[in-house]
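Reading through the structure tokens given below for one structure.
The values are calculated or read from the model by the stated rules, or taken from the named source; none is laboratory data. These figures come from a predicted structure and were not determined experimentally. Note: ideal-geometry Cβ built from the backbone for every residue, glycine included; neighbour counts use all protein chains shown. Note: areas computed on protein heavy atoms with side chains; ligands, DNA, RNA excluded. Shrake-Rupley method; radii C 1.70, N 1.55, O 1.52, S 1.80 Å.
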Amino acid sequence: MTLSSPSTEFSVQQIKLPEAFQDQKPGTSGLRKSTQQFEQPHYLESFIEAIFRTLPGVQGGTLVVGGDGRYGNRRAIDVITRMAAAHGLGRIVLTTGGILSTPAASNLIRQRQAIGGIILSASHNPGGPKGDFGVKVNGANGGPAPESLTDAIYACSQQLDGYRIASGTSLPLDAPAEHQIGALHVEVIDGVDDYLQLMQQLFDFDLISDLLKGSWPMAFDAMHAVTGPYASKLFEQLLGAPSGTVRNGRCLEDFGGGHPDPNLTYAKDLATLLLDGDDYRFGAACDGDGDRNMILGQRCFVNPSDSLAVLTANATLVKGYASGLAGVARSMPTSAAVDVVAKQLGINCFETPTGWKFFGNLLDAGRITLCGEESFGTGSDHIREKDGLWAVLFWLSILAKRQCSVAEVMQQHWSTYGRHYYSRHDYEGVETDRAHGLYNGLRDLLGELTGTNFADSRIANADDFAYSDPVDGSLTQKQGLRLLLEDGSRIILRLSGTGTKGATLRLYLERYVATGGNLDQNPQQALAGMIAAADALAGIRSTTGMDVPTVIT
């Protein structure tokens, strides 16, 4: 590691803003806008200024910064570093190439006892000059910033008249090194090693290695996103999987022109390998910033809701969870499959709003060990983010212990706990006013729906989900429209906050079939009556102009 001499030309510039930006309100996963919007003069700098004025502990503190490698990543790291120097931070931890997955960032924040981190990612959104960019703030616990902080950042951004930034040239990120900008110590490290060391503490690598070196070919799709270098070192070097196991492993600024979202639509090539062929026993993919995962077996797709339930049911087979679980949690739109497992295990199961930050309090309080979302996110108390590669290793651990296929794991699970037929229909890029009109119209009807017929059942309750945090008592309202049916089925409608063009309308459908029932149906066929009834009630096709959803999960 090299150490450069302290800067002799360090100076701070005060840049005046023509006017404050009024549109820098962070969503559930930070501030996401088009790349072109972030390239407006002063736009990025304004948001970073608001962060440094509101994040606790800035003076003399340590900050972790990195991103998923998308277009704009290097420039943003340079801006943040020079602004950190101007604001009196003591240390900033960067990574080679600027590459840092969101789970690895969470681990580093906790490991270094940092005041927080800035993660440069728009997650599963496309990248490149015509794609999207994002800035996300994580707190000292390694998790997404609480709403109180993101609200304060937004309020600050609306009042800014300028920002402070140090002069100087960009620092090299090609190799581990140490630099100095005034009083700021800049540390460039390998962003992969610390994360993989954590994984070795949680999982039996010898056990998994024996599986992968045997007659168990797997395919992992990094989608030209951040997990490429992590997965290559993990699977092909540490675990001994054959070269070529990791596909699309090179990080590209535009993700190779693809959409780095690990689902059956955007990871179609991987899905075809597993679902239509017999050359691979196991497949997995992760998204742009490495926190989401898709799990596939030979001719078997694992629904994310079912995945959380399977991990919960089999947790004691895994090295880091052998002593059992304190509890589990799921986001409200996630199916209740894990609820059934938790009840049988005698542990608590919490239902939270969408957004990983809502799991943070439960994790910090020791109330839960595992948590997950239907949007391909699962994680545990090892960090404070969902973790794609962690989930893949958890599945491999279960398969190595049980010595059976993914399909056999699922069949045995459903025969024990029953099956929650589940699907999410995404209508992307809907004209914003139309989407909100549909959503608000259904919300206005909620009070009239209880007791009415729906599909083959009746609506027992209709509401707009609200959550009272059992740890701090905070109340979060208006989190999604729910139709709860008398037979235990559910219909949920939400507007997503993660897109940048138009609105994304999400329809969630869930139907429970107990053990002894028909557990081998195609989910879309099992849910057909509910799909038709939801469209008739909300007018989804007529309002969106779409005959079929953009994505079906």
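Okay, residues lined up against (1) free of Cβ contacts under 8 Å to residues at least 40 places away in the same chain; (2) open to solvent by 40 Å² or more (accessible area, probe 1.4 Å); (3) farther than 30 Å from residue 480 by Cβ:
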position: 16; (1), (2), (3): no, yes, yes
position: 25; (1), (2), (3): no, yes, no
position: 38; (1), (2), (3): no, no, no
position: 69; (1), (2), (3): no, no, yes
position: 75; (1), (2), (3): yes, yes, yes
position: 84; (1), (2), (3): no, no, yes
position: 87; (1), (2), (3): no, no, yes
position: 95; (1), (2), (3): no, no, yes
Requested in this report: Might you check whether a residue that is in contact with a Leu (Cβ under 7 Å, 6 or more places away or on another chain), of a type in the set (Ser, Thr, Tyr) and in contact (Cβ under 8 Å) with a residue 12 or more places away in the chain occurs anywhere in segment 278-286?
Outcome: yes
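Quick check on my filter: what residues within segment 183-199 are of a type outside the set (A, V, I, L, M) and surrounded by fewer than 20 Cβ atoms within 10 Å (Cβ to Cβ)? Working first, answer last.
Filtering segment 183-199 down to residues of a type outside the set (A, V, I, L, M) leaves 185, 187, 190-191, 193-195, 197.
Residues satisfying the conditions are 185, 187, 190, 193, 194, 197.
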**Report entry** Scan of segment 461-486 for residues that are open to solvent by less than 50 Å² (accessible area, probe 1.4 Å), part of a strand (DSSP E or B) and of a type outside the set (Phe, Trp, Tyr), ordered by number
**Finding:** 462, 463, 464, 476, 481, 482, 483, 484, 485
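With the structure loaded, tell me whether residue 241 is under 14 Å from residue 100 (Cα atoms) and either open to solvent by less than 20 Å² (accessible area, probe 1.4 Å) or in contact with a Phe, Trp or Tyr (Cβ under 6 Å, 6 or more places away or on another chain) (or both) or whether it fails that test.
Values: under 14 Å from residue 100 (Cα atoms): no; either open to solvent by less than 20 Å² (accessible area, probe 1.4 Å) or in contact with a Phe, Trp or Tyr (Cβ under 6 Å, 6 or more places away or on another chain) (or both): yes.
For residue 241, the condition - under 14 Å from residue 100 (Cα atoms) and either open to solvent by less than 20 Å² (accessible area, probe 1.4 Å) or in contact with a Phe, Trp or Tyr (Cβ under 6 Å, 6 or more places away or on another chain) (or both) - is not met.
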Report summary line: Going through (1) among the hydrophobic types (A, V, I, L, M, F, W, C); (2) more than 16 Å from residue 29 (Cβ to Cβ); (3) in a strand (DSSP E or B) one by one, residue 118 fails only at (2)
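If only one of 424, 419, 434 is charged (D, E, K, R), in contact with a helix residue (DSSP H, G or I) (Cβ under 7 Å, 6 or more places away or on another chain) and touching a residue at least 40 places away in the same chain (Cβ under 8 Å), which one is it? Explain how you work it out, then say what you get.
Working: 424 fails: in contact with a helix residue (DSSP H, G or I) (Cβ under 7 Å, 6 or more places away or on another chain); 419 fails: in contact with a helix residue (DSSP H, G or I) (Cβ under 7 Å, 6 or more places away or on another chain).
Just one listed residue meets the conditions, 434.
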**Report entry** Search result, residues across segment 97-115 that are among the small types (Gly, Ala, Ser) and either under 18 Å from the mean Cα position of the chain (by Cα) or open to solvent by 10 Å² or more (accessible area, probe 1.4 Å) (or both)
**Finding:** 97, 101, 104, 105, 106
Query raised in the report: For residues in segment 503-522 being farther than 22 Å from residue 426 by Cβ and in a strand (DSSP E or B), which is most open to solvent (accessible area, probe 1.4 Å)?
Result: 512
